[in-house]
Amino acid sequence: AILSDRIGLLPRRQGRNRKNPFADPVREVRVRIQTGKVLRILSNDLDAPAQEIADLYKRRWAIELFFRWVKQTLRIRHFLGNSENAVRIQIAVAFIAFLLLRMAQAAQKAVSRPIDLARLVRINLMHRRSIGNLTGNDPPSPPDSQQMALQWT
């Protein structure tokens, strides 16, 4: 819900001796969100309707929350490439790894925490073991009847 929509100027000074570099008029849109908080959105778009500015801010905030989730959950600390394609590929690979780990965790019952399963997978990545046997050793394979076995007497 839009509470107010007004146009004004920012103060000429930002601190004691610092001038404000932005002297153009700005628009303040006050909005009440679902939690009851009142947000003040400042914009330099003087022509768009107030509802459109509020909707743009809401979409932008959803993107911010998405990237916060990506950084916290997928553990992407920095991007390996600078192009849009490189960033998309890195996020897609992280999503795929995350979903595979979640599916593997749902398929087994031995490990309860996702981080523990991720550690086990990292340790056993080059070993051919089933998901259920990551915590222990695979049962020994039955001896081949065509192969001789050493027996100690």
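Hey, what's segment 30-98 come to in accessible area per residue, 1.4 Å probe, Å²?
On the way: 5520 Å² over 69 residues.
Counting only protein heavy atoms, the per-residue value for segment 30-98 is 80 Å².
The fraction of Cα-Cα pairs per 10 angstrom bin, counted from 0 for segment 1-56, comes to 23, 44, 25, 8 percent, rounded to whole percents.
Computed over Cα pairs, the Kirkwood radius of segment 1-122 leads via Stokes-Einstein (0.692 mPa s, 37 °C) to a diffusion coefficient of 175 µm² per second.
Report the Rg/Rh value for segment 67-137, based on alpha-carbon coordinates and the Kirkwood definition of Rh.
Working: Rg = 14.2 Å, Rh = 13.5 Å.
With Rg and the Kirkwood Rh in hand, the quotient comes to 1.05.
The values are calculated or read from the model by the stated rules, or taken from the named source; none is laboratory data. Since the structure is predicted, the reported quantities are computational estimates derived from the model, not experimental observations. To get the accessible areas, we keep the full protein, side chains included, count just its heavy atoms, and leave off ligands, DNA and RNA. Shrake-Rupley method; radii C 1.70, N 1.55, O 1.52, S 1.80 Å.
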